[in-house]
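Readers should treat all values here as calculations from the given coordinates under stated rules, not as data from a laboratory. A quick note: this is a predicted structure, and the numbers were derived from the prediction, not measured. All Cβ positions, even for glycine, are placed from backbone atoms using ideal geometry, and neighbour counts span all protein chains on display.
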Amino acid sequence: MSHKYNLAKILFKLALIDYVPEFEVIEKDDRGLIRYLDENQLLDKKLAYLALAREFHIDFYDLESEEVKNRMMVDRLIHRVDIDKLVENKCLPIIDLGQTLIVACCNPLDFEIKNWLKFEYAKDIELVLADELLILDTLKKKNSHLHVTAERNGEIEERNDKYDAPAIRICNEILAGGVTRDASDIHIEPKQDIVKVKLRVDGTMEDFMEFSAELKNNIASRIKIISGLDISERRRPQDGKLRIGIGKEKYDMRVSTLPTPYGEKIVMRILKSNYDQLKFSTLGLYPVLERQLQDILSSTGKLMLVTGPTGSGKTTTLYTCLKFCQETAGNIQTVEDPIEQTIQGINQIQINHNIGVDFVAALRSILRQDPDVIMIGEIRDAETAKIALQAADTGHLVLSTLHTNSAPSAVTRLLNLGIDSSMIAANLAGVLAQRLVRRLCESCKTVLPKSEYIKYKNALVFSGFDFDNTPMYTCKGCHKCNQSGYKGRVGVYSFLRITSEIAALIFDGASLTQVIKTAKEAGFRDLHEAAADLLTDGTTSLDEALPYIIEQSAEAERSARPPTMAISANDVQQIRIAHEENEAKKFAQAAIDRTEAISTATSNLRKPEDTIHSKPIAKPKILVIDDSDDARYLLSVMLKSNLFEVQEAVNGKDGLEKARSYLPDIILCDYEMPIMNGRDFLISARQDSQLHKTPIVMLTAIDTEENETALIDLGASDFLSKNTSYKLMLSRIKRFLH
């Protein structure tokens, strides 16, 4: 007896229909029973769903209601199974509760569906009733995204080989999923038994799907084929490009493969072809900054720099500047590695080191092409910097990027590259430092209770935040933001305009502190001030803005105290240079010795030659977790110089994964971090069977008694201020190794 016929008898028993239709009639119809009866005017389907929900003690979900939509996670769940089978069984996975998956269906008697889904998802399944047409309509919309066509040399490639069919289907799901989730990158990571697929959405990595390791070579080969790579070469990294079509839209992706012990790791960067839509207003620039940038871009004979870490939106800012320049400039030339977008009306050069086309060689050729505007993808060395400034000195407008932490430190970076201060003073027009924070979803953001941020009062007050009268907002999650609470990202900007006063200071070799002081008097704003503005106007959350606010607050506290920091900003640069020359240990120790001479707390500490590295045993393993690149770098140099084996992690989530595989002897963890902070890491580690006994030393810039007590109560082995001297820090760390 079929599920349909049994359901018909139950509907008759509940007096919802006048008779039970013939078995053969309803079995031959492709529609579900309730839809069949409703469309033949034999039943009121809304009454039927409600009655069946009561009869079987299950819930009825209206898939069109805002309440249900705000909880649905269809995009995240639908790609993990064969979507055609979901259509066949008229069921839709909608909400993941962790151990349980809620699935909407139109027949609560079909336990075969429940068993199949339990096997596919490896979770308990809770069936809920929903309208068949709404289920199928949702599946149809999602399935349309999976019709992916690959192009090679302008021609559409079709493959129907039955052996490759699973690989093609999974590849299509991966590519379509990355596009529909508006991801910037797709990561395919082979493990021992499975392959994990992750998406970077709004700067944050999230799990997308998994598939059997048996398919990893077929998947890798499929992606290589459509990217023009060598499928026979699996031992060396390869780079390529692919173009796919989803519906009427075309998408370009940059592909990188890397061999690992379990197979090839593949990363695909989705290149957004949105050049025509770029404008300063969409970047989130405040009006004064927009006018200042436009003034510089309308001039000639100047260099403008954009600084920030990888992934901070520098290229998007430069492309926006180029679009503005296109309105007036006749000849625009770029040198890029790689070219992110092909732009009509602009002459773009791709760096190719294999044939000797690097930034220096390309720039020399460009200068003979009579350009009005030159964009250099990145200034990486002294020679590129010199040519860029010489080009500005001869009347060209030059735009480029530089890797520094702040706008003012770009001047120091150029000086350290050997550029004469007079050239910098005469030709540098401005430096824009930028970061990206996630933008709160306007559909679901909610006011954050003051009890949640009272502990950050000092840092917020320092940033000019009106603690008592200004509300802050936090994320909640809805269907429009895929339950993340965030939708898109917005820039955090700090702009240093090189006025005549600042140019004079640069020319005279003034300190960076003096340059910043003069810039402040002229209206210069730090990144933390810009982040605080985005916090107060409800654009972003405290979690997103706090790293910049805490960093500046701690810096202000340090500057007001006696000098106890072991390594100065100048030492950072010296250590980086020395590290390249394999002499980092010497510079690090010299910096430590110099600053420790003014410390009163180190007289009884052991000398380096008496420390643990003198013992004929394996190096102690230490995991350093900190979102600051400089902090991790300095700690690693210090620890390695004392013969520790060091692993690094950029946040608590990353730290948990690495700790479980690395199994360190001790963990050094920052307190304030994005994604997963130190407190949450500590709680998770103490609940982990592998890590619950591992010593964890917490680091924080806000070294209050309240913080220390709370962390010790949560299981921290020790608590150290970031102002602690390095020798004292080493001594405290080594206590746990005896």
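If you add up the charges near Asp393, with Lys and Arg at +1 and Asp and Glu at -1, over every other residue whose beta carbon is less than 13 angstrom from its beta carbon, what do you get?
Here the count lands on +1.
What number comes out for the charge environment of Gln348, summing +1 per Lys or Arg and -1 per Asp or Glu over other residues with Cβ under 12 Å away?
Value of the local net charge: -3.
For the chain, calculate the relative contact order in percent as a whole number, restricting contacts to Cα pairs under 8 Å that are 6 or more residues apart.
7 percent
Compute the distance from the alpha-carbon center of the stretch 101-139 to that of the stretch 172-242, in whole Å.
28 Å
When we measure straight from the Cα of Lys142, which aspartates and glutamates land under 15 angstrom away, once same-chain ones fewer than 8 places off are left out?
Cα-Cα hits under 15 Å: Asp75, Asp82, Asp84, Glu88, Glu173, Asp182.
Checking the cross-link filter: which lysines have an alpha carbon closer than 19 Å to that of Lys140, excluding same-chain neighbours under 8 positions apart?
Excluding near neighbours in sequence, the set is Lys69, Lys85, Lys90, Lys248, Lys480.
Which of His3, Leu414, Gly177 sits farthest toward the positive end of the charge dipole of the chain, with +1 on the Cβ of Lys and Arg and -1 on the Cβ of Asp and Glu?
It is Leu414, whose Cα lies furthest towards the positive end.
Name every cysteine in the chain that ends up alone, with no second cysteine's Cβ under 4.7 Å, or say none.
Lacking a cysteine Cβ partner under 4.7 Å: Cys106, Cys171, Cys321, Cys325, Cys475, Cys669.
Report the label-to-label distance for Lys13 and Val357 in nanometres (one decimal), using points 7 Å from each Cα along the Cα→Cβ vector.
It is 7.6 nm.
Given only helices, namely DSSP H runs of n ≥ 4 each adding -39500 (n - 2.57), what is the per-residue ellipticity at 222 nm of the chain, to the nearest 500 deg cm²/dmol?
Helices in the chain give a 222 nm mean residue ellipticity of -11500 deg cm²/dmol.
For the pairs Lys196/Lys445; Lys279/Lys487; Lys118/Lys141; Lys196/Lys450; Lys224/Lys272, flag any whose C-alpha to C-alpha distance is greater than 29 Å.
Cα-Cα > 29 Å for Lys196/Lys445; Lys196/Lys450; rest within.
Quick check: from the Cα gyration tensor, does the stretch 289-442 come out rounded (a/c under 1.5), prolate or oblate?
Taking the square roots of the gyration eigenvalues as a ≥ b ≥ c, the stretch 289-442 is rounded.
Which residue, Val103, Leu127, Val148, has the largest displacement toward the positive end of the dipole of the stretch 85-150 when charges sit on each Cβ (Lys, Arg +1; Asp, Glu -1)?
Val148
Tell me which lysines have Cα within less than 27 Å of Lys520's Cα, excluding those fewer than 8 residues away on the same chain?
By straight Cα distance, Lys520 reaches Lys302, Lys314, Lys457, Lys722.
Rounded to the nearest 5, what is the percent of antiparallel bridges among the DSSP beta bridges in the chain?
Around 55 percent of the beta bridges assigned by DSSP in the chain are antiparallel ones.
Whats the longest run of the chain with zero GluC sites (Glu not before Pro) that are DSSP loop and have at most 16 other Cβ atoms within 10 Å?
Longest run free of exposed loop sites: 584-738.
So who's got an amide H within less than 5 Å of the one on Gln348, skipping anything under 5 residues away but keeping other chains? H placed 1.01 Å off N, in plane.
Residues meeting the amide H criterion: Thr334.
Summing +1 for each Lys or Arg and -1 for each Asp or Glu, what net charge is found among the other residues whose Cβ lies under 10 Å from the Cβ of Gly377?
Net of charged neighbours comes to -2.
Return the sequence-ordered ³J(HN,Hα) values of the stretch 402-418 in whole Hz as given by the Karplus equation 6.51 cos²θ - 1.76 cosθ + 1.60 applied to θ = phi - 60°, using x for Gly and Pro.
These are the phi-based 3J(HN,Hα) values: 8, 8, 9, 7, 9, 5, x, 5, 5, 5, 4, 4, 5, 5, 5, 7, x Hz.
Based on alpha-carbon centroids, what's the gap between the stretch 653-684 and the stretch 1-57 in Å, whole number please?
54 Å
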